[in-house]
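The values are calculated or read from the model by the stated rules, or taken from the named source; none is laboratory data. Everything numeric here is computed off the predicted structure, so don't read it as measured data. Neighbour counts are summed over all protein chains in view; Cβ atoms, including those assigned to glycine, are modelled from backbone coordinates with ideal geometry.
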Amino acid sequence: MRFRLPASACAGLTAVLVVSACSSPSSPSTLLSLTRFRPEPTSFLANSGYDQPLTLAIHDRDTWVRTWSDIHSRLSPVPTLPEVDFTKELVLVAAVGSRPSSGYDVVFTGATEAGDVVNVDVESRIPGPTCVLLPVVTAPVDLARIPRRNGAIVFRNTPKIVNCP
């Protein structure tokens, strides 16, 4: 199966690459604390309410409440909203959109800071040809917290094919 990115996704990727290229190469990069909402190395939720790919940095409670509701729109009841002190931290969201089977994942893997730019690393995992998959539509999403920053946040997505035994 071939996967083609829509033109809008290509334009968005180009914009991210341009923003990434604008950060000063001479600025030293320092690790930034990133805490995922789920300790296991898998997506926060396999079947979110996000049918389209999305990356988002949430800086306020109102947006957090709406996003939490959107993420859990396919669940009832919606789990209790985790408390976040938005004066000290912000929430990151990465969703890969609808996928045709199980085996897909999205996971935050780290964050660095160089000057006023925060680079957030996201790994999108794709099942390899030897993986046994369930014929269900999924929509993986991951959530993480980082210390509050007011500069640009650049999401760097790395696709990874998972080879199953």
* How many residues are more than 13 Å from the chain's Cα centre (by Cα) and closer than 15 Å to Ile126 by Cβ when one looks only at the stretch 81-103? -> 6
* Could you please tell me which pairs satisfy a Cβ distance under 7 Å, a separation of 6+ or placement on different chains, a first residue in the stretch 120-138 that is closer than 17 Å to Ser48 by Cβ and without any contact (Cβ under 8 Å) to a residue 24 or more places away in the chain, and a second residue that is among the charged types (D, E, K, R) and assigned to a loop (DSSP other than H, G, I, E, B)? => none
* Structure fact -> So, first residue in contact (Cβ under 8 Å) with a residue 24 or more places away in the chain and among the hydrophobic types (A, V, I, L, M, F, W, C) in the stretch 80-109, second residue part of a loop (DSSP other than H, G, I, E, B) and crowded, with 21+ Cβ neighbours inside 10 Å, Cβ within less than 6 Å, six or more apart or across chains; the pairs are Ala95/Ser48; Ala95/Tyr50; Val96/Pro140; Val106/Ser43; Val106/Val96; Val106/Pro140
* Asked: What's the number of the condition Asp62 fails, among (1) assigned to a loop (DSSP other than H, G, I, E, B); (2) loosely packed, with under 12 Cβ neighbours inside 10 Å?
  -> (1)
* Does Val84 qualify as being in contact with a Phe, Trp or Tyr (Cβ under 7 Å, 6 or more places away or on another chain), under 13 Å from Arg145 (Cα atoms) and in a loop (DSSP other than H, G, I, E, B)? -> yes
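For the condition closer than 16 Å to Arg38 by Cα and β-branched (Val, Ile, Thr), what is the one hit in Val141, Val132, Val136, Val117? If you could, list the steps in order and put the result at the bottom.
On the way: Val132 fails: closer than 16 Å to Arg38 by Cα; Val136 fails: closer than 16 Å to Arg38 by Cα; Val117 fails: closer than 16 Å to Arg38 by Cα.
The unique qualifying residue is Val141.
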* Structure fact -> When the stretch 28-77 is checked residue by residue, the ones that are in contact with an Asp or Glu (Cβ under 6 Å, 6 or more places away or on another chain) and among the aliphatic types (A, V, I, L, M) are Leu32
* Asked: What is the number of the single condition among (1) in contact with a Pro (Cβ under 8 Å, 6 or more places away or on another chain); (2) within 30 Å of Asp116 (Cβ to Cβ) that Ile58 does not meet?
  -> (1)
* Asked: Does at least one position in the stretch 34-56 carry a residue that is over 29 Å from Asn163 (Cβ atoms) and not polar (S, T, N, Q)?
  -> yes
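If I go through the stretch 28-51 residue by residue, how many of them are in a strand (DSSP E or B), polar (S, T, N, Q) and either at pLDDT below 95 or more than 13 Å from the chain's Cα centre (by Cα) (or both)?
Filtering the stretch 28-51 for residues in a strand (DSSP E or B) gives 30-31, 35-36, 45, 47.
Filter once more, so that each one left must be polar (S, T, N, Q): 30, 35, 47.
Checking the rest, the ones that are also either at pLDDT below 95 or more than 13 Å from the chain's Cα centre (by Cα) (or both) come to 30, 47.
Within the stretch 28-51, residues that are in a strand (DSSP E or B), polar (S, T, N, Q) and either at pLDDT below 95 or more than 13 Å from the chain's Cα centre (by Cα) (or both) number 2.
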